[in-house]
Amino acid sequence: MIGRKIVYKDTLDSTNNYIANLSSKGEIKHGDVILAGKQTAGKGQREAKWDSEPYKNLILSIFLDHVNLSVTHHFYLTQAVSLALIDFLKNYGSDFKIKWPNDIVHNASKIAGILIETQIENGISDHYHIRNSIVGIGININQENFNEYNATSLKLITQKEYQLQDLLFKLIETLNFRINQLETLQFKTLNKEYLSDLWLYEQESRYQSKGIEFVGKIIGVDENGKLLILEKESNKILSFENKELLFLERFTHNY
Ligand code: BTN
């Protein structure tokens, strides 16, 4: 279960790093949550920084031990966490979507980000297993100013101020629900619901990869989490890794 133990720290470099350090000393258990008021070196995907105004947003990491997931199934963890964030946000508004692989957007502005860091172990007959995972989550809640970033927050969307602690408990509920789906191997359900909440799924849109622009429709993700796009001109299915693709439609990266 997630959230049996929740530790709040006023300031950390990064909640993910803090857990990694505790984990290397064997001082953290499955489901433990570390929450911070602010981070001095918050980490985003692709070696980017994650900036968040102090005390305004949810900044946390969760330790998942013995996830019992083979490495080939690792993308289901991404799907489960993304869906937990969508379930959580749907309590407060609508039109939240997952921007592949795991950004959460509202009308094309980013409201939350996920950074999953895993340790792999070699299991039975050379099947690699995820030993443990650090799931870092940043959700913009009460922050109103994002400078040049194309980002938003619950407050900007709903015009309300929120108590972070109340929200945390709601988030832990949705995380427990989705991680349970993962642990009980409900991969088909996770994939189906992930696609139904995926931004631009089955919609024609513009993309860029390796400097070349094209038009296509997202038609799914493969079992490794690669995005599958049906390119309009060639009518061919192209597949992309996280770093290989730029969304050109109605979205500017905020890193
Ligand atoms: C991204 O969208 O680039 C991922 C952002 C993840 C940010 C969270 S905040 C809590 C946790 N600690 C970190 O250093 N990063 C994650």
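Say we look at the stretch 87-132 and pick out the residues that are touching a strand residue (DSSP E or B) at 6+ places or on another chain (Cβ under 9 Å), away from the ligand (no atom under 16 Å from the Cβ) and among the acidic types (D, E); which of these is farthest from I19 (Cα to Cα)?
The qualifying residue farthest from I19 (Cα to Cα) is D95.
Which residues, counting only those in the stretch 142-164, are surrounded by fewer than 19 Cβ atoms within 10 Å (Cβ to Cβ) and among the polar types (S, T, N, Q)?
Selection gives N145, N147, N150, T158, Q159, Q163.
Can you tell me which of G3, G31, G26 is at positive phi and exposed (fewer than 14 other Cβ atoms within 10 Å of the Cβ)?
Details: G3 fails: exposed (fewer than 14 other Cβ atoms within 10 Å of the Cβ); G31 fails: exposed (fewer than 14 other Cβ atoms within 10 Å of the Cβ).
None of the others qualify; the one that does is G26.
Can we say L64 is part of a strand (DSSP E or B) and either at pLDDT 95 or above or surrounded by 23 or more Cβ atoms within 10 Å (Cβ to Cβ) (or both)?
Values: part of a strand (DSSP E or B): yes; either at pLDDT 95 or above or surrounded by 23 or more Cβ atoms within 10 Å (Cβ to Cβ) (or both): yes.
When the stated conditions are applied, L64 passes them.
Suppose we filter the stretch 36-62 for residues that are more than 9 Å from the ligand (Cβ to nearest atom) and not polar (S, T, N, Q); how many remain? Don't jump to the end; show me each part of the working.
Step one: filter the stretch 36-62 for residues more than 9 Å from the ligand (Cβ to nearest atom), giving 37-38, 40, 47, 51, 53-56, 62.
Within this subset, residues satisfying the condition of being not polar (S, T, N, Q) are 37-38, 47, 51, 53-56, 62.
The total comes to 9.
Pairs under 9 Å by beta carbon, first residue more than 28 Å from L69 (Cα to Cα) in the stretch 161-179, partner β-branched (V, I, T) and modelled with pLDDT of 95 or more, six or more apart or different chains?
Once the first residue is more than 28 Å from L69 (Cα to Cα) and sits in the stretch 161-179, its partners that are β-branched (V, I, T) and modelled with pLDDT of 95 or more give E161/I141; Y162/I141; L164/I141; L167/I139; L167/I141.
Name the single residue that is nearest to the ligand (Cβ to nearest atom) among those in the stretch 133-161 being in contact with a helix residue (DSSP H, G or I) (Cβ under 6 Å, 6 or more places away or on another chain) and in a strand (DSSP E or B).
Selected residue: G136.
From D10, D65, grab the single residue that is more than 14 Å from the ligand (Cβ to nearest atom), touching a strand residue (DSSP E or B) at 6+ places or on another chain (Cβ under 7 Å) and without any contact (Cβ under 8 Å) to a residue 40 or more places away in the chain.
Result: D10 is the single residue among D10, D65 that is more than 14 Å from the ligand (Cβ to nearest atom), touching a strand residue (DSSP E or B) at 6+ places or on another chain (Cβ under 7 Å) and without any contact (Cβ under 8 Å) to a residue 40 or more places away in the chain.
Mind telling me which of the residues A48, A41 ends up being surrounded by fewer than 22 Cβ atoms within 10 Å (Cβ to Cβ) and in contact with a Phe, Trp or Tyr (Cβ under 6 Å, 6 or more places away or on another chain)? Walk me through how you get there before you give the answer.
Numbers: A41 fails: in contact with a Phe, Trp or Tyr (Cβ under 6 Å, 6 or more places away or on another chain).
Every option except A48 fails the conditions.
The values are calculated or read from the model by the stated rules, or taken from the named source; none is laboratory data. Please read all numbers here as calculations on a predicted model, not as lab measurements. Every residue, glycine among them, receives a Cβ derived from its backbone with ideal geometry; neighbour counts consider all protein chains shown.
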